[in-house]
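Participant: Pasting a structure here, questions to come.
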Amino acid sequence: MKIAAREQTTEKARNFKAILTKIKRFQPDVVMYGSMEVTCGPFAKGAATLGVKSKILAGDGVRTNQLARWRAEHRVLGSGRGAWPNG
């Protein structure tokens with residue numbers, strides 16, 4: 001496995017266009033997103049909008065009802081134990 005890049009943001013960020021543009025150039029198979037659902041949702045939606053094809057791997061903090069409703073569409077995989085809420 002090769003790490004293409006490391007980027008960081010804040011818990012208040014909602015616009016990830018600059019980071020996602022860099023990610024898109026690398027075309028990784030997987031992006032590890034280490035945050036909670038409140039920012040993973042906008043990150044995943046932004047990735048889909050920009051045409052980023054990578055799967056997004058995030059911790060168990062993204063296993064919420066909100067993200068569970070559209071996780072497949074936005075290619076989000078949650079790590080950790082247990083099932084996603086509502087399916």
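The values are calculated or read from the model by the stated rules, or taken from the named source; none is laboratory data. Being a predicted model, the structure only gives us computed values, none of them experimental. Note that we place each Cβ from the backbone using ideal geometry, even for glycine, and neighbour counts take in every protein chain shown.
Participant: Within segment 1-51, count every residue that is among the polar types (S, T, N, Q), more than 13 Å from the chain's Cα centre (by Cα) and in a helix (DSSP H, G or I).
Facilitator: 1
Participant: For a quick check of your reading of the model, give me the residue pairs whose first member lies in segment 42-57 and is closer than 10 Å to residue 16 by Cβ and of a type in the set (Gly, Ala, Ser), whose second is surrounded by fewer than 14 Cβ atoms within 10 Å (Cβ to Cβ) and at pLDDT below 90, with beta-carbon atoms closer than 9 Å and at least 6 apart or on different chains.
Facilitator: Here the result reads 44/70; 44/73; 46/14, each pair linking segment 42-57 to a residue that is surrounded by fewer than 14 Cβ atoms within 10 Å (Cβ to Cβ) and at pLDDT below 90.
Participant: For segment 25-35, does any single residue satisfy the condition of being surrounded by 15 or more Cβ atoms within 10 Å (Cβ to Cβ), among the small types (Gly, Ala, Ser) and within 18 Å of residue 75 (Cα to Cα)?
Facilitator: The answer is yes, given that some residue of segment 25-35 is surrounded by 15 or more Cβ atoms within 10 Å (Cβ to Cβ), among the small types (Gly, Ala, Ser) and within 18 Å of residue 75 (Cα to Cα).
Participant: Within segment 45-62, which residues are more than 19 Å from residue 1 (Cβ to Cβ), buried (at least 16 other Cβ atoms within 10 Å of the Cβ) and in contact with a Leu (Cβ under 8 Å, 6 or more places away or on another chain)?
Facilitator: Passing the criteria: 46, 47.
Participant: Identify the residue in segment 52-72 that is of a type in the set (Lys, Arg) and over 10 Å from the mean Cα position of the chain (by Cα) and, among all such residues, is modelled with the highest pLDDT. Step through it out loud before you land on a result.
Facilitator: If we filter segment 52-72 for residues that are of a type in the set (Lys, Arg), which is where we start, we get 53, 55, 63, 69, 71.
Adding the requirement that they be over 10 Å from the mean Cα position of the chain (by Cα) leaves 53, 63, 69.
On the way: 53: 91, 63: 71, 69: 67.
The residue in question is 53.
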